[in-house]
Each structure stands twice: as structure tokens, then as C-alpha cells.
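Comments concern the structure below.
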Amino acid sequence: MDKIKAVIFDMDGVMVDSEIHWPEVEKDIWPQFGIKFTPEFKQAIVGINRKDALAYVKQTYGVEIPMEDINVMYNAVGETVYKVKSNLMPGVRTLILACKNFGFDLAIASSSPLEWIEMVLEKFDLKSYFKTVCSTTSMNVPGKPDPAIYSITMRQLGLEPSSVIIVEDSVVGVKSGKASGARVIAVPDKRWSFGDFSQADLVVESLQDKKMYTFLGIS
């Protein structure tokens with residue numbers, strides 16, 4: 001097994017608790033397009049980008065929603081979710097500092113637009129810790145569970161998958177990370193994470209779990 005050289009973080013649900021706040025605003029967005037915002041619908045779109053969410057809506061409900069229309073609705077509330085409502089997940093700052101001090105390169109690979117990622121990094125003063133930041137939405141690449149975003153991030157880091165650890169909270173994110181060839185730590189949260197996480201190389205209850213530090217070799 002290769003020496004770990006970098007850790008790539010998903011953002012929503014891993015770094016910040018935005019996943020618990022999105023339903024508060026999404027329940028008002030989707031009904032405007034004729035889609036009832038049920039728990040099942042929320043589970044179906046967790047971890048995927050808007051393009052894939054619209055594809056799911058078309059396939060499941062036969063409703064075609066223009067990307068421009070859904071973008072307007074989401075962009076109108078994104079600043080509130082990230083700048084006002086969201087907080088750091090327990091242990092994330094300590095883990096980031098520990099990884100950085102140990103010499104790991106750090107990156108973010110998210111389905112959220114770059115402007116939302118920048119909001120989080122600025123709000124919590126974390127930008128200086130990350131070597132690169134990638135977004136499936138802003139970069140117009142296939143969304144998770146496709147491995148594209150993680151493959152791109154690793155290329156930007158100049159690293160092979162065997163030397164990279166990915167931290168995810170959703171099943172689609174875990175599938176994306178594993179398909180990229182990297183090792184994946186899953187941090188599912190019962191408030192918004194659903195499905196089978198057995199594909200992950202390690203499953204922990206939170207970023208404070210000592211097993212994560214042991215897995216990374218920084219305990």
C-alpha cells in the first residue's frame with residue numbers, strides 16, 4: 001500500500017452541516033416545478049449535482065425543468081445556507097490542521113458550485129489549507145458517482161490514486177471515490193446519509209473518530 005500523500009474532502013456533509021439546512025429551503029423550491037419534496041426524493045438527490053438531479057426528475061416524474069430555472073432558485077438561497085446557516089462539522093478543523101501539519105496535500109472535490117465552496121472557505125478561514133478546489137457543477141464534468149471529479153482533483157495534485165485518501169458522507173460519493181482508484185473513508189451522518197457504505201475502506205461516526213487518525217497514520 002502506497003504512502004498517503006493527500007486527503008481530498010467532499011464539502012457538504014463532511015466539512016459543513018449544510019445537508020441538514022438544504023431541506024429547509026428545498027421544500028419550497030421543488031414544488032414550484034410540480035415535484036413534491038418527500039423524504040424519498042431528498043434521499044435520491046443527496047450528494048449529486050443539479051444536472052443529475054434534473055435528469056432524475058425527468059426520468060422518475062416525467063418533468064423536464066430547464067437548468068437555468070433551477071439555477072436561479074438555488075443560487076437565490078445558497079448564500080443563506082452557507083454564509084448564515086451552516087457550521088463546521090465536529091472535528092473538521094482539527095483534522096485539517098493535523099493533516100496539514102503531517103505534510104499531506106489537501107483538496108476539496110464537491111458537487112456544489114465553486115462560489116459556494118469559496119463561501120465556506122472564507123467564512124471559516126480555511127482557504128489557505130487547500131492546494132486545489134474542484135466542483136462538478138462549475139467545471140461541467142460528470143457528477144458523482146462518476147469518478148471524474150476525483151480523477152481531475154488527483155491530476156491537479158499530481159498524485160496517483162494509490163496515495164490519496166478521500167473523505168465522503170454519501171453513498172454516491174463513496175462510489176465515486178472508489179471508482180477513481182483511491183481509498184475512501186466514509187463519515188455517514190444519520191440525519192442525511194442513507195444506504196450501504198460497505199464499499200468504503202473505513203467507516204467512522206465522525207471526523208473525531210480516532211480510527212480515522214490511525215488509518216491516516218497520524219495518530
**Asked** Out of the range 1-35, which residues are among the β-branched types (Val, Ile, Thr), part of a loop (DSSP other than H, G, I, E, B) and over 23 Å from MET154 (Cβ atoms)?
**Response** ILE35
**Asked** Is it fair to say THR38 is under 25 Å from ASP189 (Cα atoms), hydroxyl-bearing (Ser, Thr, Tyr) and without any contact (Cβ under 8 Å) to a residue 60 or more places away in the chain?
**Response** yes
**Asked** Somewhere in the range 151-164, is a residue under 23 Å from GLY78 (Cβ atoms) and not assigned by TED's automatic domain parsing to the domain that holds THR80?
**Response** yes
**Message:** Checking the conditions here, which among THR153, THR137 is modelled with pLDDT under 95 and within 23 Å of PRO188 (Cα to Cα)?
**Reply:** THR137
**Prompt:** Taking the condition loosely packed, with under 15 Cβ neighbours inside 10 Å and either among the aliphatic types (A, V, I, L, M) or in a loop (DSSP other than H, G, I, E, B) (or both), does SER198 pass?
**Reply:** yes
**Prompt:** Which one is surrounded by the fewest Cβ atoms within 10 Å (Cβ to Cβ) among residues in the range 113-142 that are under 21 Å from GLU19 (Cα atoms) and among the polar types (S, T, N, Q)?
**Reply:** SER138
**Request:** Mind listing just one residue for me: the one in the range 162-179 that is among the polar types (S, T, N, Q) and buried (at least 24 other Cβ atoms within 10 Å of the Cβ) and, of those, nearest to ALA148 (Cα to Cα)?
**Result:** SER176
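Tell me, yes or no, whether the range 143-156 has at least one residue that is among the polar types (S, T, N, Q), surrounded by fewer than 21 Cβ atoms within 10 Å (Cβ to Cβ) and free of Cβ contacts under 8 Å to residues at least 24 places away in the same chain. So that I can check it myself, show each step before the final result.
Looking only at the range 143-156, we keep the residues that are among the polar types (S, T, N, Q), and these are 151, 153, 156.
Next cut, surrounded by fewer than 21 Cβ atoms within 10 Å (Cβ to Cβ) only: 151, 156.
In the following step, the residues that additionally are free of Cβ contacts under 8 Å to residues at least 24 places away in the same chain were identified as none.
No: the range 143-156 contains no residue that is among the polar types (S, T, N, Q), surrounded by fewer than 21 Cβ atoms within 10 Å (Cβ to Cβ) and free of Cβ contacts under 8 Å to residues at least 24 places away in the same chain.
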**Request:** Scan the range 143-152 and give yes if some residue there is in contact with a Leu (Cβ under 7 Å, 6 or more places away or on another chain) and charged (D, E, K, R), otherwise no.
**Result:** no
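The values are calculated or read from the model by the stated rules, or taken from the named source; none is laboratory data. This structure is a prediction, so every number in the text was calculated from the model and none was measured. Cβ: placed from backbone, ideal geometry, glycine included. Neighbour counts: every protein chain shown.
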